[in-house]
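Chemist: Mind having a look at this structure? Questions to follow.
The values are calculated or read from the model by the stated rules, or taken from the named source; none is laboratory data. Bear in mind that the values here come from a model prediction, so they are computed numbers and not experimental data. Quick reminder, even Gly has a Cβ in these numbers, built from the backbone with ideal geometry, and neighbours come from all protein chains shown. Side chains included, ligands, DNA and RNA excluded: accessible areas come from the protein's heavy atoms. Shrake-Rupley method; radii C 1.70, N 1.55, O 1.52, S 1.80 Å.
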Amino acid sequence: VTQHLLQQGHRRIAILATPKNSRVGANRLEGCITAMRDAGIEPSPAWIAHGEGSYTYGLRIASQWLQSPPEERPTAIIALNDNMANGAIHAANELGIQVGAELAITGFDDAPFIQYLTPPLTSVRQPIWDVGQRVIRLLVSILENHPLEESHVLLPPKLIIRESSLGYKPS
């Protein structure tokens, strides 16, 4: 997601993160920050918000960020789940900010409803079917007292690009 936004020209990227005690959220946040730093951008602590991961939280925090003058607000918001991204889209719409052209918003999980948002949300799709198949194989191995071939597996996600992150023209 971060690399996609950087390729679109974004340099002022905010992150709606999950609570600090979320291991999965911490991994996602670390990936975003690493990609930004690799591009020579130091993330602004004021634009990293840890919260409950809900629509309401995304709406509230995005509204705060987006009420700044255009030259002082983020041009992109990465939400570490689709619920917060949905809230951020609604915050932008309420403030008359055009998502896609003026502000990119991305989510994570590729929940079924997000393709119907206005605009449809760019999101990271996890290979849920493949994860389930791996878990079943691991459980069967444990139940049959076979040694585990692997104890930690990371399956690559897929970025599903939709209109919420397209159209930005850096000034």
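Chemist: Provide F113, F108 ordered by accessible surface of protein heavy atoms (probe 1.4 Å), highest first.
Modeler: F113, F108
Chemist: Note down the net charge around T122, summing +1 for each Lys or Arg and -1 for each Asp or Glu among other residues with Cβ under 10 Å from its Cβ.
Modeler: With Lys, Arg at +1 and Asp, Glu at -1, the neighbours total -1.
Chemist: Also, I was wondering about something else. Taking every DSSP beta bridge with both residues inside the chain, roughly what % is antiparallel (nearest 5)?
Modeler: 20
Chemist: Long-range amide H contacts for I77: which residues qualify at under 5 Å (H placed 1.01 Å from N, peptide plane, sequence gap of 5 or more or a different chain)?
Modeler: A14, A104, I105, T106
Chemist: Pairs of alpha-carbon atoms within less than 8 angstrom and 6+ residues apart define the contacts here; what relative contact order does segment 58-171 have, in percent?
Modeler: Relative contact order for segment 58-171 comes out at 27 percent.
Chemist: For W65, what accessible area in Å² do you get when you roll a 1.4 Å probe over the heavy atoms of the protein chains, rounding to the nearest 10?
Modeler: Answer for W65: close to 20 Å² accessible.
Chemist: Using the C-alpha atoms of segment 77-171, what convex hull volume per residue, in cubic angstrom, is computed?
Modeler: 101
Chemist: Show Y168, Y55 ordered by accessible area, largest first, where the area counts protein heavy atoms only and the probe is 1.4 Å. Intermediate values should be presented prior to the final figure.
Modeler: Details: Y168 35, Y55 85 Å².
So the residues, ranked largest to smallest area, are Y55, Y168.
Chemist: I've got another one for you. Quick one: net charge around P157, please, counting Lys, Arg +1 and Asp, Glu -1 for every other residue with C-beta under 11 Å from its C-beta.
Modeler: Net charge in that neighbourhood comes out at 0.
Chemist: While we're here: Where is the GNM fluctuation largest for the chain (alpha-carbon springs, 10 angstrom cutoff): Q115, Q64, Q133?
Modeler: Top of the fluctuation ranking is Q133.
Chemist: Hey, got the dipole for segment 17-171? About the Cα centre, +1 on K and R Cβ, -1 on D and E Cβ, debye to the nearest 20?
Modeler: Charge dipole, segment 17-171, about its Cα centre: 40 debye, nearest 20.
Chemist: What are the ³J(HN,Hα) couplings of segment 133-139, residue after residue, when phi is run through the Karplus curve with 6.51, -1.76, 1.60 and θ = phi - 60°? Round to Hz, x for glycine and proline.
Modeler: Taking θ as phi minus 60°, the curve returns 5, 5, 4, 4, 4, 5, 5 Hz for segment 133-139.
Chemist: With a 1.4 Å probe and all protein chains kept in place, how much accessible area does M84 have, in Å² rounded to the nearest 10?
Modeler: Rounded to the nearest 10, the figure is 0 Å².
Chemist: Could you go through segment 13-21 in sequence order and give the Karplus-derived ³J(HN,Hα) for each residue, using 6.51 cos²θ - 1.76 cosθ + 1.60 with θ = phi - 60°, rounded to whole Hz, and x for Gly and Pro?
Modeler: Taking θ as phi minus 60°, the curve returns 10, 9, 10, 8, 9, 7, x, 4, 8 Hz for segment 13-21.
Chemist: If we count every other residue with Cβ under 14 angstrom of Q8's Cβ, Lys/Arg +1 and Asp/Glu -1, where does the sum land?
Modeler: Its environment carries a net charge of +2.
Chemist: Per Stokes-Einstein, at 25 °C and 0.890 mPa s, what whole-number D in µm² s⁻¹ belongs to segment 31-108, with the Kirkwood radius over Cα pairs as the hydrodynamic radius?
Modeler: The calculation lands on 195 µm²/s.
Chemist: Can you compute 3J(HN,Hα) from phi for each residue in segment 89-97, using the Karplus curve 6.51 cos²θ - 1.76 cosθ + 1.60 with θ = phi - 60°, rounded to whole Hz and x for Gly and Pro?
Modeler: 3J(HN,Hα) across segment 89-97, in whole Hz: 4, 5, 4, 4, 4, 5, 8, x, 9.
Chemist: For L159, what residues show an amide H to amide H distance below 5 Å, using hydrogens built from the backbone and excluding near sequence neighbours?
Modeler: R125
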